[in-house]
Each structure stands twice: as structure tokens, then as C-alpha cells.
Amino acid sequence: VEFPEMDGSTVRIGIIKARWHESDIDSLVAGVKESLKECGVPEDNIQLQEVPGSFELPLATRYLALSGAVDAIIPIGVLIKGETTHYEVISETVTSSLMSIGMQTGIPVIFGLLTCLTDEQVKARSTGANNHGLQWGKAAVEMALLRQSAVGGKKKFFMGFRSEEHTSE
Ligand code: DLZ
């Protein structure tokens, strides 16, 4: 997916990572940080927290969203199908919870969950040019800027929710 040129210098981003499948997670986090840097998000504006596993991501995301400390959140987890139904149960519930936290709080929540059937599928999506973290970082900046233009804050990125005359500081 293509992203516009974005000025992320005023944007504050929260990353919450699960500890399961640590090397894959670390690679995804590195991808996120690379794209945030590309958008000009200052390092001091990025906070990183961790939780035990993907199941804990929604509550931690909600706490961070309610704190007012960030403009967008990227919860990062890797779920790999095993021998039980754990994967199916967790994937759906975590996904719908993350979506509803964004809707309820108005803080953009990016879908940083890889739900894969095999380790190979995870590697293909967490490394190299197809590292999904690269897209998640940009999606977070784009949504944070969209929120600024929709509900206030420094508005350098007009996306049509308010009139042009209201977009100056
Ligand atoms: C228990 C569990 C299992 C089996 N698999 C994963 C996984 O693939 N990815 C992940 O992020 N977490 C996994 N977990 C841990 C749960 O998400 C959760 O942390 C624990 O059940 C404690 O609530």
C-alpha cells in the first residue's frame, strides 16, 4: 500500500509489544521504528511498552489510549496456529477488542497482529521489504494526523474533516 509524504514531527506514538515469538516481534518493532523515523517522528515521542502475550494487548492498549499520552497506538503481537483452538479464539477476540478500543476512545489503534499458520508465514511478513512493521508505523502517523485534522491539535495535514480556514494553528 502507498502512503503520502507525511510530517510526523508533532506526533506521539505508543508501541505495545507482546513477548511471545520475541525475535519476530523485535523485527516488527524495528520496522515500525524505521518508518516512524522516515516520517520525522522524534525518538522522544515514541514510547515502547510490553505485555506477556497477545491476549494482554487490548487492555494495555486501552490504558495507554486513556492516558492521553499518545496520538496513535501500535499493539504488536504474533499468533501462530498450534494444536488447539487457542489461535482461533485469541485471534478473533483480540482483533475485535483492539478495533473497539479505537472506536471507543477515538485514539487510532493500528492492527499490529500477525495471525499466521506457520513460522514461515511469520518470517515472510516480519522481515525485509515486506516487514509489516514498516506499514504499521506509517499507518499510525497517517491516522494520528487524520485525528488531528478531525478533532483538533496542530493541523498540518488537511484531510477534509474541517474547512481549510480551521486548519491553521
Ligand atoms: C498461551 C499463548 C499461546 C499458546 N500462544 C501465543 C501466541 O502464539 N502468541 C501470543 O502472543 N501469545 C500466546 N499465548 C499467550 C497468551 O496471549 C496470554 O499471554 C496468556 O494466555 C496469559 O493470559
- Query: Looking at the range 104-153, which of its residues are of a type in the set (Phe, Trp, Tyr) and buried (at least 19 other Cβ atoms within 10 Å of the Cβ)?
  - Reply: Trp136
- Task: Quick one: which residue in Ile80, Ile25 is of a type in the set (A, V, I, L, M), within 15 Å of the ligand (Cβ to nearest atom) and more than 15 Å from the chain's Cα centre (by Cα)?
- Result: Ile80
- Query: Out of all the residues in the range 84-106, is one or more among the hydrophobic types (A, V, I, L, M, F, W, C), closer than 30 Å to Ser149 by Cα, touching a Ser or Thr at 6+ places or on another chain (Cβ under 7 Å) and within 11 Å of the ligand (Cβ to nearest atom)?
  - Reply: yes
- Task: Quick one: which residue in Lys17, Lys33 is among the basic types (Lys, Arg), within 12 Å of the ligand (Cβ to nearest atom) and buried (at least 17 other Cβ atoms within 10 Å of the Cβ)?
- Result: Lys17
- Note on the structure: In the range 107-151, residues that are on the phi > 0 side of the Ramachandran plot and hydroxyl-bearing (Ser, Thr, Tyr) total 0
- Which is within 16 Å of the ligand (Cβ to nearest atom) and either without any contact (Cβ under 8 Å) to a residue 60 or more places away in the chain or open to solvent by less than 10 Å² (accessible area, probe 1.4 Å) (or both), of Gly68, Gly53, Gly8, Gly40? Gly53
- Message: Just to check your reading of the model, which residue among Ala18, Ala30, Ala69 is over 14 Å from the mean Cα position of the chain (by Cα) and of a type in the set (A, V, I, L, M)?
- Response: Ala69
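The values are calculated or read from the model by the stated rules, or taken from the named source; none is laboratory data. All values derive from a computational prediction rather than experimental measurement. Here the Cβ is made from the backbone with ideal geometry for all residues, glycine too, and neighbour counts use every protein chain on show. Please note that ligands, DNA and RNA were not included when accessible areas were found on the heavy atoms of the full protein model with its side chains. Shrake-Rupley method; radii C 1.70, N 1.55, O 1.52, S 1.80 Å.
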